[in-house]
Amino acid sequence: MAGEFSSEKFIEYVRENHAGLRGFVRSLGVAPMWVDDLAQEAFVIAYQRMADFDENRDFGAWVRGIARNLVINERRKDARRKRILSDHLTEVLVASSSLPENEVEEKGDRARAKALALKECLDKVPDKSRAMLQARYENEQSAPDIALQMNMSAAAIRKSLERVRKALRKCVQQRIGEVNAG
Amino acid sequence: MNNSKERFEELLARLLDGESDGDERSELARLCSADQKRGAEVREALFFAESLRQAFISGGKDVFEADLTEQLNVAALGNNDFKRLRQQVVDGGSLEQDTLSFDLRSLQDQPAEVRKLRNELEFDELLTQAVSTSKSEEAFVQSLSTRMWAEVEEDHFVDDLSSKIIEWDAHLPVADAEPVSSNREVSISLSDTVSLTQQAARPGKVWSILFKPALAAAAAVVLTGLVLWNVQPESRPASLFSPQWAQVVAEGGDVVWRAQEGRIPDSKGGLVKGVYHLESGTVHLRFREGAEMALEGPAEFEIKGKRTVNVLSGLAVTRSNAGNKRNFIFETKGLNLDGSGSTLGIDVRDDKEAELVVLSGDAEIQLQDSAEGEKRRLYHFEAVRADLDRDKLVDIPFNSRPFSKAWELMSGVAAPTGTVEVAVPGHQSKRVAENNRVRVTVERDQFKLADNEQLEVDTLSKGHFVSMNGSKNGEVLTEKGHLRSYLLEFKPGKDGKLESTLEASMTFDHPVVGVIFSEDRLVNSADLLGRSGEPNNESMASGQLLLSDDGRTVNLLLTSEGNRPVSGTVRVLVALN
């Protein structure tokens, strides 16, 4: 098994690609709570198959291909064991991701740069919005729960979250643009 | 114009009926190109005809209707539908088909919208990673390394290579000597938003990892060193860089770790190889290889490998679990302590000497630097002092009292109500008698019932109070694994009376598999378990006992009966594995 490849290289692969892979897995309709599990499974399989990997290829695309197959397999599982939100949705999303190697957006470096940029952008988010994000993503609270806590309506929370996300996306795009330009 | 319309309808009907020839189809095309509405009409008619065809092929009206609905929904999908769907998916709402106004499969005809949805999901995931500590890079890598460890360990190569995989660059920045409270979250920040190559080119700001050659296959372990972190000075998260050998499982008091020339546990309490300095408080560590250690700060220790820990200073209680294939070695100044199945107290508060007490079981100790390699086996309640100047072991009186605080965490029983005292083995506190409390002592720390040994316990029904007075039904304990027995003692107050009602509750780390409170069974079990003295239930007052539904918590309710004094004993047996 994987005895010939450089472990340092593998480390580099994981470091560069885990954020993007997790994003990719989620983008195929995997339930949020199972994203890491599935991404890890893909890395484990990749590790076990490293002997088959051509280092001239893009590792990110390769491991995304593995993840994609894992997601497809999810559709064949019985409902209790499925890690996806919906068969039909995943069917459509997987179909639209048929050529991961051609999707520049999903390249490892790109996703990692996005993740780093996002961290910086988050520093600029006002306290209230940050608290909202924290409640939603850290504490996994629903919009109605956050609404109760913040004395707002659930609809207002949803709208606010949507706006913050939109602002963050814009910020990330700008930052990546700046880095690329610089 | 009317003629044209009639002709169009005639040609369309022939087309739908499959009767039109080439000339007629050309003519129909010309009519459509002259009027775009006709083109749409043809498409709609064909679509409907195709739906009909498929319905009949599929053989049922229901199928046809479902199919038709699906097809019509394609046409009906609007921007609001997509927006709602995106929000629903991102917010984790239900995606059951009956909660949606359209068939999800119909999305495939809208590739741009699907792409947008995928982008939003991807971004949401990145946002989650950025905001949530449980989804952070650190957490992911830790979890992945553990998983790979578990999967690869079956191949044995990780086990063989683990001790020699990761070395730290000798020039790593050393953390400041500021204390780090475990109550404060360890903060880790990634470096600036620059490309990875840019990051790597800034050696002064990042950690680096060195690997010995010929370790290429051990990626599972090396994974723990995945990330180039830019670590804030006082926090040096250990678990990212080498295998996690131990875990903080409980804390007491104000726990503060000092990151001086050493490590601190990671944000989840994981510990890897290295030196740790506990400034204050008490902590209970559990090692992956089946050992435990509780320390009272200030204390310093070094995790040297998966089965070796060196207590450098302070007070520690150690437990090596019985039944491990390989022994766990505790070292302390100049001593090696090998005691499978034993519980030891180690006192190295003095630079020149180390004291050792055996709280349970027996252990072999060896002076590391003694020319003769002096070895000695110590038994239950024995104590020695290692005089490091003279390389000599000296017998000393047994005194377990200094280990009381560390023992509270190691005892495996938590008693938050305040009416329970967890007593360190070998130390008879007077507080029980003075304060009307229940004292809990570990009688036998780790043992197994031999084939010829039988232990009869009182019959209990989980979740229901049982009276402890009078004769009770019993049953033979069938547990074959390792057990621990606790003795619960309650005695009268100063005047020999229980003021009113004494309630005591204690929760055990391990499941309770048997309780003994009837007098005959207490007496019968004394030889096997009774290391803490003979039980005395002669004057058991009115008492009730409840074992919780989860089998972990024992509640005692003792009430006075006139002037009758309350005293008694209960044995609790828990299964360790």
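Three principal axis extents of segment A:7-103 based on alpha-carbon atoms, in descending order, are 39, 25, 21 Å. The residues of segment A:124-181 expose on average 62 square angstrom of accessible surface per residue, using a 1.4 Å probe on protein heavy atoms. At an R0 of 51 angstrom, the distance between the Cβ atoms of A:ARG49 and B:THR507 translates into a FRET efficiency of 0.65.
In the context of the full set of protein chains, segment B:376-424 has a per residue accessible area of 49 Å² (1.4 Å probe). A simple spin-label model places the labels of B:ASP387 and A:LYS170 8.0 nm from each other, with each point 7 Å out along Cα-to-Cβ. Computed extension gain for B:VAL476 through B:GLU41, at 0.36 nm per residue and net of the alpha carbon distance, reaches 148.1 nm. Given their separation in residues at 0.36 nm each and the Cα-Cα distance between them, A:LYS9 and A:GLU162 gain 51.2 nm when the chain is fully extended. Here the spin labels are modelled as points 7 Å beyond Cα on the Cα-Cβ line, and at A:SER153 and B:ALA112 they lie 3.2 nm apart. The simple Förster model, with R0 at 30 Å and r as the Cβ-Cβ distance, assigns B:PHE398 and B:ASP351 a FRET efficiency of 0.85. The length gained by stretching the chain between A:LYS128 and A:ARG57 to full extension, at 0.36 nm per residue less their Cα-Cα distance, is 21.1 nm.
Distance between the modelled labels on A:ASP37 and B:LEU528, one decimal in nanometres: 4.1 nm (7 Å Cα→Cβ projection). With all protein chains kept in place, the per residue accessible area of segment A:7-103 amounts to 39 square angstrom at a probe of 1.4 angstrom. With a Förster radius of 41 Å applied to the C-beta separation of B:ARG377 and B:SER280, the computed FRET efficiency comes to 0.70. Express the carbon and sulfur contribution to the solvent-accessible surface of segment A:7-103 as a percent, rounded to the nearest whole number, probe 1.4 angstrom. With neighbouring chains kept in place, the figure for segment A:7-103 is 42 percent. Across segment A:124-181, C-alpha contacts under 8 Å between residues 6 or more apart give a mean separation that, scaled by the residue count, equals a relative contact order of 25 percent.
For the chain pair B and A, the buried solvent-accessible surface (1.4 Å probe, both sides summed) amounts to about 6100 Å².
The values are calculated or read from the model by the stated rules, or taken from the named source; none is laboratory data. A quick note: this is a predicted structure, and the numbers were derived from the prediction, not measured. Positions of Cβ are generated from backbone atoms using ideal geometry, with glycine treated the same way; all protein chains shown enter the neighbour counts. Just the protein is used for accessible areas: all its heavy atoms, side chains included, with ligands, DNA and RNA removed. Shrake-Rupley method; radii C 1.70, N 1.55, O 1.52, S 1.80 Å.
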